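Okay, so here's the structure we're looking at.
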Amino acid sequence: MIPDLATEPDSPALVDSAGGEVWSYGRLGAAIRVAADLLGRPRKSLVFCLCRNDPATVIAYLAAVEAGHSVMLLDSAVREDVLTDLLARYSPELVLASADPKAGASAIADCGYRTQELRTGGIGWARSEAGGGTLHPDLGVLLPTSGTTGSPKFVRLATSAVSSNARSIATALAIVASDRAVSSLPLHYSYGLSVLNSHLAIGACVVLTDRGPLEQPFWDVVRGHRCTSFAGVPYSYQLLERIGFDRFDLPDLRTMTQAGGKLDDTRVERFHRLMASRGGRFFVMYGQTEATARIAILPADFLPRKLGSAGRAIPGGRLEIEVQGVATDRAAVTGEIVYTGPNVMMGYATGRADLARGDELGGRLHTGDLGYLDEDGCLYISGRTKRISKVSGYRVDLDEVEARLAPNGPTAVVGTDETIVAFCEYGDEDSLGRLRIELSRALSLHYQVIQLRRVDALPRMPSGKVNYAALEALVR
Amino acid sequence: MVTTQEVNLPLDRLREAFVTALGLPEGYDVTGLEYRSIVEWDSLAHLTLVTTIEMTFDVMFDTTDVLGLSSFSACVEILKRHGVTFDG
């Protein structure tokens, strides 16, 4: 089981900020066992878990894993059409939610699922004729590769990968049993899930809230429940600056972590100083959902000396740089970052049939990121080989955006960490304006980070391929 | 007849600021909106909204204002504190 149930049964595992209810390790363990019994099936099953940051979601997720099933974690606010598509592609035997998902409920009913009494503090749906399609015995958790685009591509994780990453993170961050992390990120997001898993793995506590840093109640929760740890993406730290976080009185907060894209050096240094002055620690981290969550963590006391670094490989993992197919751990060589460790995914999935497949990577992940190691094994990231943008921490596959716009005419999409720019050989101000709004809806991204630019002809290479380098130069 | 003064009433300007900042269709009824009640008003859009309202009304929001901007009606109250008057 992921939670360390050898923990003193009276120590708190979860706090539900909504009602202030505390779930001790004893109570959580019992609830997971009861729920796992109820979820028991003769055959290993696929369970969709519609996530909110509340105890019922955590219990549903942990119980499904404990029952030996495979769990796909989804946003409870998932769009109806996206959920319908996923139900058709993956045909889960069970769907669990902690509360009635607004748009989701009718999609679930329309796909032939009937409500089932589960007594697990949530709602369950089952479909008798669902399933078919064997699940690989190792498959524990499925996480979305993209938080926003509604892509059907998921990462297949072995249960052992999830537990191993949780323990490595707990060690690298020196999480102790008295720590209380606030759930500042969603559980269906690998980083948010890793905060939960790493704290439960060593007997610490997670305070669950659906509120975010832009809401006063969130800070009331952090202060009131004496949270010691906060996790954020680069955008979270921009928000914290805007709301005057440096003047907040939070005496118990001693750990802040940052992942989900590169935070600029100025802010890293500022937050490092701020936390150091309060006797706390600021951790810069690097990871991918393809590695469960975490790949590297920069020890807090390496700052400001190693400013700009994404950290050292987590315990049990190894970083190498690959140049023209040859991997090396020599310093100062730039190439593709390759990570080897027990937390690497089994592979991707786009439908039920993929869930029967075993490990396809052998614990070795080509990250698609470019970078180099220094003489102390600290990683510095310089770019990406894959066409992926992380706009404000949201991962956007540029080829996917391009495919979405392609029916309108020739399109080439490039992106930076601030903006996505689509160059279009079609449309006028009005029609491109409408497409921009449509695209922002489809990607769940604010329209101001999306630009559609009209061009007469896309720049092309002699081969006829789009010259992305030329377009990127226009965007920088 | 619609006069310039009428369309520039503070409430209309605030509605317009919401529609623009959140990227909503023209004429969208924003008066009942709450933070995160629609996908368009997420944390990403929130700071844009704050900036748009600050510019529209030439005010500066402090921490309490930014964290308190939890709905359209809360925004009206915040702006009143900043001396903006809403009639009717």
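Accessible surface for segment B:9-81, divided over its residues, is 46 Å² per residue with a 1.4 Å probe. Normalised by residue count, segment A:12-381 yields a Cα convex hull volume of 125 Å³ per residue.
Mind giving me the nanometre distance, one decimal, between the label points for A:Glu8 and B:Glu26, set 7 Å out from Cα along Cα→Cβ? Taking the two extended label points, one gets 6.5 nm. For A:Leu74, the shell of other residues with beta-carbons less than 12 Å away shows a net charge of 0, using +1 for Lys and Arg and -1 for Asp and Glu. Each Lys or Arg adds one and each Asp or Glu takes one away; over the other residues whose Cβ falls under 12 Å from the Cβ of B:Leu44, this sums to -2. Each DSSP beta bridge with both residues in chain A is either parallel or antiparallel, and the antiparallel ones are about 60%. Measuring nothing but protein heavy atoms, the accessible surface of segment A:264-365 at 1.4 Å probe radius is 50 percent carbon and sulfur.
Look at the stretch B:44-57: the mean tally of other chain Cβ atoms within 10 Å of its residues' Cβ atoms is 3. Amide H contacts under 5 Å for A:Ile123: A:Ala97, A:Ser98, A:Ala99, restricted to partners 5 or more places along the chain or on a different chain, H placed in the peptide plane at 1.01 Å from N. When only the Cβ of Lys, Arg, Asp and Glu is charged (+1, +1, -1, -1), the dipole of segment B:9-81 relative to its Cα centre reaches about 120 debye.
Inter-label distance, A:Asp329 to A:Leu38: 4.7 nm, where each label sits 7 Å from its Cα along the C-beta direction.
For the protein assembly as shown, the number of Lys pairs separated by eight or more positions or lying on different chains, with C-alpha atoms closer than 20 Å, is 6.
The distance linking segment A:195-267 with segment A:370-427 is 27 Å (Cα centroid to Cα centroid, whole angstrom).
The charge dipole of chain A, taken about its Cα centre with unit charges on the Cβ atoms of Lys, Arg (+1), Asp and Glu (-1) only, comes to about 240 debye. Remark: spin-label model distance A:Asn467-A:Glu322 equals 3.0 nm, labels positioned 7 Å along the Cα→Cβ axis.
Ordering A:His225, A:Gln116, A:Ser128 by Cα displacement along the dipole of segment A:12-381 toward the positive end leaves A:His225 in first place; charges were set at the Cβ atoms of Lys, Arg (+1) and Asp, Glu (-1).
Placing +1 on each Lys and Arg Cβ and -1 on each Asp and Glu Cβ, with no other charges, gives segment A:71-126 a dipole about its Cα centre of roughly 120 debye. Which whole-number percent of Cα pairs in segment A:167-212 have a distance greater than 16 Å? Percentage above 16 Å: 30.
The values are calculated or read from the model by the stated rules, or taken from the named source; none is laboratory data. These figures come from a predicted structure and were not determined experimentally. When we count neighbours, we look across all protein chains shown, and the Cβ atoms used for this are built from the backbone with ideal geometry, even at glycine. Remember, those area values only see protein heavy atoms, side chains included, never the ligands or the DNA or RNA. Shrake-Rupley method; radii C 1.70, N 1.55, O 1.52, S 1.80 Å.
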